[in-house]
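S.K.: Take a look at the following structure, please.
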Amino acid sequence: MMNGWLCLDKPPGMSSNFAMIKVRKILGARTGYVGTLDPFATGVLPIAVGEARKFIQFLGSSQRKKYDFTIVFGKTTDSLDRDGKITGESLKIPIPEEVKNILPDFLGRQWQLPPIFSAIKIFGRRACDRVRAGENIELAAREVEIFFLSLEGVENNIFRFCVICSPGTYVRSLARDIAEKVGSLGYVDALRRTESGFFSIKHAIPLENLSKIDDTDMLIRLLVPIESPLDDIPALYLENDLVKMVQNGLRISLKNQLSLPCVRIHENFDGGFRGIGSVSDSGLLKAVRMCIY
């Protein structure tokens, strides 16, 4: 059985969900994905395979994202990207120095208004689906954080940027706000995610290449162990009989163990990862999500 994480390099022109379904058919295993990429965007899309699906929630809100993107100034679209309909034009095209001068203003914590064409759910339905159905919607601003933002180059009014940001940050909104700051309009022409927490484009496999592999052992070797992206969670090593007790839903007492809301459970016998638990103030360990294999 396949269990682990696959770092996929998503191609343009398909949704994250469709890309995940493609991977599911290739691997013949249940899958999930982490962090939606817009259909026109490319790059790192972590796919949880088999038992790894149980641990998507533990990747945490600290998973920084890194993107390369381009902005075209002088126009904007309803979706704030190249796939949308043009909704405004501006004669102002900034020079590179103007753009560089305002980028420091975007560093740090700030409130960002998401695009209406987004996967944010409103009463259980995605905002983009409501807009396409003709509904008028309003989204609330969300707090995000920008850790790094730079202008990498300019060619034929295509401004290339690199950003490192918190989860939940919309690069399309960032592009809109950058353009507004320099007195212009703008939209994202290209977007590529190069890092998503633990996962990097350096180790990502293009979907086209993945589809050409028909050797099961080779596919398994592409998977990252379940515990690898969870290395920021403290580890606890237990004897085999104690692990089985926890897996069976029993709580066990750990002497001199500090309380931990989240702990990785490993088995002393082989060091293998068995799941995630929590330790109470009284030193009781209980299972939160455990592997079944």
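The values are calculated or read from the model by the stated rules, or taken from the named source; none is laboratory data. This one's a predicted model, so the numbers in the text were calculated from it and none came from an experiment. Cβ coordinates were reconstructed from backbone atoms using ideal geometry, including for glycine residues, and neighbour counts include every protein chain displayed.
S.K.: With segment 1-82 as the region, which strands (runs of 3 or more DSSP E) entirely inside it contain at least 1 residues that are in contact with a helix residue (DSSP H, G or I) (Cβ under 8 Å, 6 or more places away or on another chain) and of a type in the set (Asp, Glu)? It would help to see each step written out before you state the result.
M.R.: On the way: elements: 4-10, 31-33, 42-49, 65-73, 75-77.
Where strands (runs of 3 or more DSSP E) fall fully within segment 1-82 and carry at least 1 residues being in contact with a helix residue (DSSP H, G or I) (Cβ under 8 Å, 6 or more places away or on another chain) and of a type in the set (Asp, Glu), they are 4-10.
S.K.: Take segment 215-237 and flag every residue that is loosely packed, with under 11 Cβ neighbours inside 10 Å and not in a loop (DSSP other than H, G, I, E, B).
M.R.: Passing the criteria: ASP217, MET218, ARG221.
S.K.: Against the condition in contact with a helix residue (DSSP H, G or I) (Cβ under 6 Å, 6 or more places away or on another chain) and crowded, with 21+ Cβ neighbours inside 10 Å, how does VAL99 come out, does it pass?
M.R.: Numbers: in contact with a helix residue (DSSP H, G or I) (Cβ under 6 Å, 6 or more places away or on another chain): no; crowded, with 21+ Cβ neighbours inside 10 Å: yes.
So VAL99 does not fit the description; no.
S.K.: I've got another one for you. Give me a count of the residues in segment 69-93 that are among the polar types (S, T, N, Q), surrounded by 15 or more Cβ atoms within 10 Å (Cβ to Cβ) and over 13 Å from GLU180 (Cα atoms).
M.R.: Qualifying residue count for the region: 3.
S.K.: Quick one: in segment 137-170, of everything that is within 14 Å of GLU195 (Cα to Cα), not small (Gly, Ala, Ser) and not in a strand (DSSP E or B), which residue is farthest from the chain's Cα centre (by Cα)?
M.R.: Out of the qualifying residues, it is THR169.
S.K.: With the structure loaded, tell me whether ASP38 is out of contact with any Gly (no Cβ under 8 Å at 6 or more places or on another chain), over 30 Å from CYS291 (Cα atoms), modelled with pLDDT under 95 and not hydrophobic (A, V, I, L, M, F, W, C) or whether it fails that test. Show your work before the answer.
M.R.: Values: out of contact with any Gly (no Cβ under 8 Å at 6 or more places or on another chain): yes; over 30 Å from CYS291 (Cα atoms): yes; modelled with pLDDT under 95: yes; not hydrophobic (A, V, I, L, M, F, W, C): yes.
In short, yes.
S.K.: I would also like to ask the following. Can you tell me which residue among LEU238, LEU185 is modelled with pLDDT of 95 or more and outside the structural domain of GLY28 (by TED's automatic domain parsing)?
M.R.: Details: LEU238 fails: modelled with pLDDT of 95 or more.
Answer to the selection: LEU185.
S.K.: Right, another one. Which one of these does ARG30 not meet: (1) in contact (Cβ under 8 Å) with a residue 24 or more places away in the chain; (2) within 28 Å of VAL263 (Cβ to Cβ)?
M.R.: The failed condition is (1).
S.K.: How many residues are touching a helix residue (DSSP H, G or I) at 6+ places or on another chain (Cβ under 9 Å) and crowded, with 16+ Cβ neighbours inside 10 Å when one looks only at segment 273-288? Working first, answer last.
M.R.: So the first thing to find is which residues in segment 273-288 are touching a helix residue (DSSP H, G or I) at 6+ places or on another chain (Cβ under 9 Å), and the list is 273-277, 285-288.
Narrowing the set further to residues that are crowded, with 16+ Cβ neighbours inside 10 Å leaves 273-277, 285, 287-288.
Residues in segment 273-288 being touching a helix residue (DSSP H, G or I) at 6+ places or on another chain (Cβ under 9 Å) and crowded, with 16+ Cβ neighbours inside 10 Å: 8 in total.
S.K.: Now a separate question. Look through segment 250-271, keep the residues that are in a loop (DSSP other than H, G, I, E, B) and at pLDDT 90 or above, and return whichever of them is surrounded by the most Cβ atoms within 10 Å (Cβ to Cβ). Working first, answer last.
M.R.: As a first pass, look at segment 250-271 and keep what is in a loop (DSSP other than H, G, I, E, B): 250-251, 254-259, 268-271.
Adding the requirement that they be at pLDDT 90 or above leaves 250-251.
Working: LEU250: 12, ARG251: 15.
Ranking the qualifying residues of segment 250-271, first place goes to ARG251.
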